[in-house]
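Please read the structure below before turning to the comments.
The values are calculated or read from the model by the stated rules, or taken from the named source; none is laboratory data. Bear in mind the structure is a predicted one, so any value in this text is a computation, not a measurement. Don't worry about glycine lacking a Cβ; one is built from the backbone with ideal geometry, like all the others, and counts go over all protein chains shown. Accessible surface is based on the protein model in full, side chains and every heavy atom, while ligands, DNA and RNA are left aside. Shrake-Rupley method; radii C 1.70, N 1.55, O 1.52, S 1.80 Å.
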Amino acid sequence: MSKVLLELIDVQKTYGTGENEVHALRGASLQVKAGELVAIMGASGSGKSTLLTIAGGLEVPTTGDVRIIDNSLPTLKPAQLATLRRQTIGYVFQDFNLIPSLTVIENVALPLELDGVKVRKARKAALDALESMDIGELADRFPDEISGGQRQRVAIARSFVGPRQVLLADEPTGALDSKTSEAVIRALRKRIDAGIAGVLVTHDAKLAAWADRILVIRDGQIVEEISNTITPEQFGA
Amino acid sequence: MSVRASILAVLTLGECHGYQLRQEIESRTGGSWQINIGQIYSTLERLERDGLLESVGSNGQGQTRYRVTPSGSVEAEEWLTTAIPSSPEARNELAMKLALAVTIPGCDVEKLVHAQRVQTMRNLQALTATKRDVDQNDPAELPWLLVADLNIFNCEAELRWLEHIEGTLARTAARGLNPNQTLSEPAKRGRPTKAN
């Protein structure tokens, strides 16, 4: 039985007060184990991105608990939370968020260097991460010298460089074509299989299908869980 | 395509004779599904044999009228709200089923669309899981990969279509439009309805 690395327990999130009150999440619960990828699908405004930002400690839930590897995020002090975020959680966004003035390897090594890891060691870890994405040869290029698909693979490498165990991705292939998307999700999946817990927010069914479980969120509540329970033979693939 | 279940579904609205059933199914599926009258009659015989409908005598023109039995109603209801396996061939059946379902009062079309979305998503997941385990650099896998990708894109297309349908149904309901249809006056025997 793999260890649960990320857990949301009855999380509610409300923005505004009185007439302007918006319930973004109405009691969402979720567990993600090591080596597991969970996809969250839902319409715009369903609360899926809020769920991801709360899971990553970027926002605090109004009520409920978020636990990452035995830490309860709402009880941590800001400095502790920042450290946990930097060391444990990796984010992948649609728009890559790479720093244009840094080379690929410098971008990937940056989170480690910010954490006080020596440059040589950080670069070694960054190169390992790039090589696991099959883009080691791009290490010394700048972001504007590589393609969109390559940039996203760099962003994924950055998201799990070092000891990070939880990977959160928000529409990671939103800006990519179909073939490149598949290469990116394949790389992401490979990384999850190596023992990371992943949450993938997407409206793309083809992408979500790479997950072990698909949760459907509507009006701030998880209304459905779809697991891969049938074999392709059953429907004549 | 299930002629059998479609006949039962229409008969839940009232008694019909064979030719009338053909007209009803045709008009309720937008004229896109034309069934051979011989197939209607042979299916009616089998349904009667199986106790899903019963004949209630003839009308003045010698046409046998049928009515659905309670077990026939149950089968119709089940068919109308159950997902079907995904495949390009099956999609046409699904379209016909949905078209028919929106014309049957009290039929839970949302339930059908939802069940189908879950089913298709599972299929997509299963296909993807198989593809995940394939060595992309092995040329022997290429033919299989091509077919798998076709199935994957078909599943995706079906999911998008179902999502679109959900929106259309919601908008139709919001505008207060009701596509339910009671049975029409049967046209004269032997003369097919002309498309307008």
Quiz item: Along the positive direction of the dipole of region A:18-159 (beta-carbon charges: Lys, Arg +1; Asp, Glu -1; about the Cα centre), which of A:L81, A:S46, A:P100 reaches farthest?
Solution: A:L81
Quiz item: On average, how many beta carbons from a partner chain sit within 10 Å of the beta carbon of a residue in A:60-72?
Solution: 0
Quiz item: For A:K118 and A:K179, what is the calculated FRET efficiency with R₀ set at 45 Å and r taken between the beta-carbons, to the nearest 0.05?
Solution: 0.70
Exercise. Would you be so kind as to identify which of A:S159, A:G27, A:L112 lies farthest towards the positive end of the dipole of chain A, taking Lys and Arg as +1 and Asp and Glu as -1 on Cβ and the Cα centre as origin?
Key: A:L112
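So what is the relative contact order of region B:3-80, in percent, for Cα pairs below 8 Å that sit 6 or more residues apart? Please report the intermediate quantities before stating the final value.
On the way: 101 pairs, mean separation 31.0, N = 78.
Rounded, it is 40 percent for region B:3-80.
Leaving out ligands, DNA and RNA, what percent of the accessible area of region A:1-133 is carbon and sulfur, probe 1.4 Å? Display every interim value, and only then the final one.
Working: 3510 of 6640 Å².
Here it works out to 53 percent.
Mind checking the dipole of region B:25-105: about its Cα centre, +1 per Lys or Arg Cβ, -1 per Asp or Glu Cβ, Debye to the nearest 20?
Values: 7 positive and 10 negative charges, 41 e Å.
With only Lys, Arg, Asp and Glu charged at Cβ, the dipole is about 200 debye.
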Quiz item: When the helix-only estimate is applied to chain A (DSSP H runs of n ≥ 4, each -39,500 (n - 2.57), divided by the residue count), what is the mean residue ellipticity at 222 nm, nearest 500 deg cm²/dmol?
Solution: -10000 deg cm²/dmol
Self-check item: Listed residues B:G60, B:T43, B:C16: farthest to the positive end of the dipole of region B:3-80 (Cβ charges)
Solution: B:G60
Quiz prompt | Among B:R65, B:R22, B:R171: highest mean-square fluctuation, GNM of chain B, C-alpha pairs under 10 Å | solution = B:R171
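Rounding to the nearest 20 debye, state how big the charge dipole of the protein assembly as shown is about its Cα centre with +1 on each Lys and Arg Cβ and -1 on each Asp and Glu Cβ.
On the way: 48 positive and 54 negative charges, 45 e Å.
Rounded to the nearest 20 debye, it is 220 debye.
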Quiz item: Rounded to a whole number, what % of the accessible area of region B:69-149 do carbon and sulfur atoms account for, probe 1.4 Å?
Solution: 56 percent
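With every protein chain present, what is the per residue accessible area of region B:88-174 (1.4 Å probe, Å²)? Display every interim value, and only then the final one.
Working: 4210 Å² over 87 residues.
Solvent-accessible surface per residue comes out at 48 Å².
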Quiz item: Any residues in region B:117-132 that have 50 Å² or more less accessible area with all protein chains than in their chain alone, probe 1.4 Å, and which are they?
Solution: B:M121, B:R122, B:Q125, B:A126, B:T128, B:K131, B:R132
Quiz item: Any idea what the relative contact order of chain A is, in percent, if you count C-alpha pairs under 8 Å spaced at least 6 apart?
Solution: 29 percent
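Count the lysine pairs in region A:4-228 whose Cα atoms sit under 18 Å apart, keeping only pairs 8 or more residues apart in sequence or on different chains.
Values: A:K13/A:K48; A:K33/A:K190; A:K48/A:K206; A:K179/A:K190; A:K179/A:K206; A:K190/A:K206.
So the count works out to 6.
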Quiz item: Of A:T17, B:T128, B:T64, which has the most accessible area and how do the rest follow, probe 1.4 Å?
Solution: A:T17, B:T64, B:T128
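State to the nearest 20 debye the size of the charge dipole of chain B about its Cα centre, where the only charges are +1 on K and R beta carbons and -1 on D and E beta carbons.
Details: 21 positive and 24 negative charges, 182 e Å.
Taking the Cα centre of chain B as origin, the dipole is about 880 debye.
Once you have a ≥ b ≥ c as the square roots of the Cα gyration tensor eigenvalues for chain A, tell me rounded if a/c is under 1.5, and otherwise prolate or oblate according to whether a/b is larger than b/c.
Values: a/c = 1.70, a/b = 1.24, b/c = 1.37.
Since a/c reaches 1.5 but b/c is at least a/b, the shape of chain A is classed as oblate.
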Quiz item: Computed FRET efficiency, Cβ-Cβ of A:H203 and B:I37, R0 41 Å: what is it to the nearest 0.05?
Solution: 0.35
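Could you state the accessible area per residue of region A:4-228 in Å², with a 1.4 Å probe and every protein chain left in place? Could the numbers behind the result be given before it?
Values: 9800 Å² over 225 residues.
That works out to 44 Å² per residue.
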Quiz item: Once B and A are treated as a pair rather than alone, how much accessible area drops out, both sides summed, in Å² to 100, probe 1.4 Å?
Solution: 2100 Å²
Quiz prompt | Residues of region A:43-85 with amide N under 14 Å of a point placed 7 Å along Cα→Cβ from A:D10 | solution = A:62-66
